[in-house]
Amino acid sequence: EREKEREREREKEKEKEEDFFSQREREGGEEREKMKMNVVLLVALMVGVCVGSDIDWQSKKGVIMKNGERFYLKGVNWYGFETSVYSFHGLWANDYHEYFKFLQKNQFNAIRLPLSLDLVLGDYNPAQYILTYCDKYGSKCNQDLVGKTSLETLDVFIDAADEYGLYVLLDIHSLEPNDYYRNGLWYDSSHSEQDLINGWDVLIKRYNNSQAVFAADIFNEPFLATWGVGDNNTDWNVAAERIGSNIASQTNWLVFVQGTATSPVCRDACFYGEDLKGALLHPVGLSISKRLVYSPHTYGPSVYPQPYFDMTDFPFNMDSIWSDHFGFIKDWKEEAVVLGEWGGPASGQNGDWETQLVKYLKSKDMTDNFFWSMNADGGDLGGLLLPDWKTPDQSKLNLVASLVPEPSSYN
């Protein structure tokens, strides 16, 4: 009887052990499921970091689309970071908030922001005297920029763009500061194509999660480049594919590709960045579809006296010239065309040219643009602000407003 009793006790102990290990197994299974869920969430977060902003930007049916709705872009260039000032020009005259208020008041919804590759890769220290020089006018200005590097200053500006409802197109405008007019290709003896890719990687890492940054302009006006001739060292279209695909694969940004200047040969002379004729037979193909934007630059008589400006039928002869250089894309391709630079005095012969350009762009339903520029120190082109950096040039503001009378809202 005692033996049977001990056997029953052993059976009870065994059942307790089995229940214990069964419970541990259940708890372990639940823990493993929690761990799996945590991994899934972590991957999702990592993907979110890679993809960046949740805005769905697309270039299709010849226009820019934002979350499935057409986006009417009214933009302006504001330069300075690509110069030896290493920051926006005009900070010596006003607090930077004043410029954002000016753009907001006049219903601009985007800024094209030129940079030099050296600044992106090396960062610089802006000339500090320009930041507080406007203090002499009686009020403290730009205090939150003092002591910041160029890229830290850029951070502040992009946050301000978001605050004031302005999207940002980042533009690698030159390889070195003040050097855009010598950079006929996207590389030189001191800067490789990989350096340019690395520069974009720096900007992507820094601004991929910014709501304000919506696009990348790969490189400014490669005027010595070829298009579609089969030379990988000079063919801008295939370089744009390589560099642009790297950008598109990491972001939701649109990728802007400018034209060349002489390849293919323009029947009527092209300005730097204007020649997109090669896109008809050799279109740029990015790894991510519906992100490509063709972005020509075109200028009038105030920049260079092209022969067609002196024809008896000027400015009405310009429509066929623009169509030959870039306007055909609207008729033959899916991608949006956004004018990345145009401008100059809104009077005289250049004013006639600008008025005709506005009519042409509206007739092609191709009105998205970035006017050159807001800056008051624009030389032969001038800017939206007169030399005092305070007074608007109303004739230019009226011109841009007639081109994009109802720009899309930021939110």
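Brief remarks follow.
- Looking across segment 337-377, the residues that are in a loop (DSSP other than H, G, I, E, B) and either within 21 Å of the chain's Cα centre (by Cα) or of a type in the set (Lys, Arg) (or both) come down to Val338, Gly340, Trp342, Lys364, Met366, Thr367, Asp368, Ser373, Met374, Asn375.
- Taking the criterion of being in contact (Cβ under 8 Å) with a residue 12 or more places away in the chain and under 17 Å from Ser192 (Cβ atoms), the residues of segment 224-234 that qualify are Leu224, Ala225, Thr234.
- Among residues that are of a type in the set (A, V, I, L, M, F, W, C), over 14 Å from the mean Cα position of the chain (by Cα) and either part of a strand (DSSP E or B) or buried (at least 24 other Cβ atoms within 10 Å of the Cβ) (or both), Cys266 is not included.
- Any chance Asp118 is within 28 Å of Leu397 (Cβ to Cβ) and not in a strand (DSSP E or B): no
- All positions within segment 181-204 that are of a type in the set (Phe, Trp, Tyr) and buried (at least 20 other Cβ atoms within 10 Å of the Cβ): Trp186, Trp200
- Pro222 vs. criteria in the same structural domain as Tyr96 (by TED's automatic domain parsing), buried (at least 18 other Cβ atoms within 10 Å of the Cβ) and over 30 Å from Leu281 (Cα atoms): no
- Being assigned by TED's automatic domain parsing to the domain that holds Thr251, surrounded by fewer than 17 Cβ atoms within 10 Å (Cβ to Cβ) and under 19 Å from Phe371 (Cβ atoms) holds for only one residue in Gln128, Gln104, and it is Gln104.
- The strands (runs of 3 or more DSSP E) falling completely within segment 144-263 include none with 3 or more residues that are at pLDDT 95 or above, small (Gly, Ala, Ser) and on the phi < 0 side of the Ramachandran plot.
- Answer from Leu399, Leu385 - the residue that is buried (at least 22 other Cβ atoms within 10 Å of the Cβ), of a type outside the set (Gly, Ala, Ser) and either more than 18 Å from Gly165 (Cβ to Cβ) or in contact with a Phe, Trp or Tyr (Cβ under 6 Å, 6 or more places away or on another chain) (or both): Leu385
- The one condition from (1) modelled with pLDDT under 95; (2) touching a helix residue (DSSP H, G or I) at 6+ places or on another chain (Cβ under 8 Å); (3) not basic (Lys, Arg) that Asp324 does not meet is (1).
The values are calculated or read from the model by the stated rules, or taken from the named source; none is laboratory data. Here the structure is a predicted model, which means the values were calculated and not measured. Cβ coordinates were reconstructed from backbone atoms using ideal geometry, including for glycine residues, and neighbour counts include every protein chain displayed.
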